[in-house]
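The structure under discussion appears below in the form of structure tokens.
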Amino acid sequence: MSTHILAALFVSLAAFAAAAHAQTWPGRVVKLVVPFPPGGGTDAIARILAARLSQQWDQQMVVENKGGGATNIGTEMVARSAPDGYTMLLQSMPLAVNRFLFASLPYDPVADLAPVSLLCDYPNVMAVPVASPVRSVAEFIAYANANKGKVTFASSGNGTSVHLSGELFKRMAKIEMTHVPYRGAGPALNDLIPGRVDVMFNNIGAVLPLIQAGKLRALAVTTAKRTPPAVVAKANADTVAALAYPATKSRLEQLGVVVIGSSPEGLAAHLRSEMDKWGPIIREAGIKAGD
């Protein structure tokens, strides 16, 4: 099962005229919009990257959390911003799946945003309570088959990567599991630890400390005019260099992520493949935002 968060960098894609812009960019503060509240995994990645890019550029990159609307508020903000490279977006799975969860969106994730780089692979971990009788994926499948209609999986909300990972696993394993959505990963983990729910497919950053502390057991890891191309190319080159910087790479790996640093074309292809993968899952499961 391949499920993960695509931690990726984008810029607005509307038109503006500045032939020499890329040679001097960035000449002022760059805003990095994170469409999630502070403190989550994507926010942590953003702050590590912003610190390194600020040093490379000798120009500050400021992280601005713009949560709400299942990330649509912050994403629309960047899509509607001046396409000069000074407002950037660090997004994850919602960029690929929201078009399937909502009847309409105030932006087009492909047409309104220029991909810069796929930053890292942020896997989800299949975790169960330490009191669970299962100790492997095979044992979990056997347990689910022996307890049809009784197995539950927790998520941080409908349509999240945590929810969709569980739906994908359920279909691949051909088992029955009842989805129990919570308002965030914290409340879900609070019920998973004592065994009030059976399993959760959470991102690795949130569950790794609990696994290391012996509070959870891990079973598996999932592991149209455009902005001037020169600006995107420079943003990509600088970002890839920041990700390769030893101290930055080490800090990101401590979060449990696998650093990638793709080309813009690689990110565009990855976004399309994520849409192709998750669209059928969402439609088949009948998932809608706010359910």
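The values are calculated or read from the model by the stated rules, or taken from the named source; none is laboratory data. Keep in mind that what you see is a predicted model, and the values were worked out from it rather than measured. All Cβ positions, even for glycine, are placed from backbone atoms using ideal geometry, and neighbour counts span all protein chains on display.
For first residues located in region 261-274 and buried (at least 19 other Cβ atoms within 10 Å of the Cβ), partners that are assigned to a loop (DSSP other than H, G, I, E, B) and not aliphatic (A, V, I, L, M) and lie 6+ apart or on another chain with Cβ distances below 8 Å form the pairs LEU271/PRO109. Screening LYS150, LYS170 for residues that are at pLDDT 95 or above, farther than 30 Å from VAL240 by Cα and out of contact with any Phe, Trp or Tyr (no Cβ under 6 Å at 6 or more places or on another chain) leaves exactly one candidate, LYS150. Counting the residues of region 169-195 that are surrounded by 13 or more Cβ atoms within 10 Å (Cβ to Cβ), outside any helix (DSSP H, G or I) and of a type in the set (D, E, K, R) gives 1. Selection of helices (runs of 4 or more DSSP H) fully inside region 11-85 by the criterion of at least 2 residues being touching a helix residue (DSSP H, G or I) at 6+ places or on another chain (Cβ under 7 Å), buried (at least 16 other Cβ atoms within 10 Å of the Cβ) and at pLDDT 90 or above returns 41-57, 72-79. Could you please let me know if GLY41 is within 21 Å of VAL259 (Cα to Cα) and not polar (S, T, N, Q)? Criteria met by GLY41.
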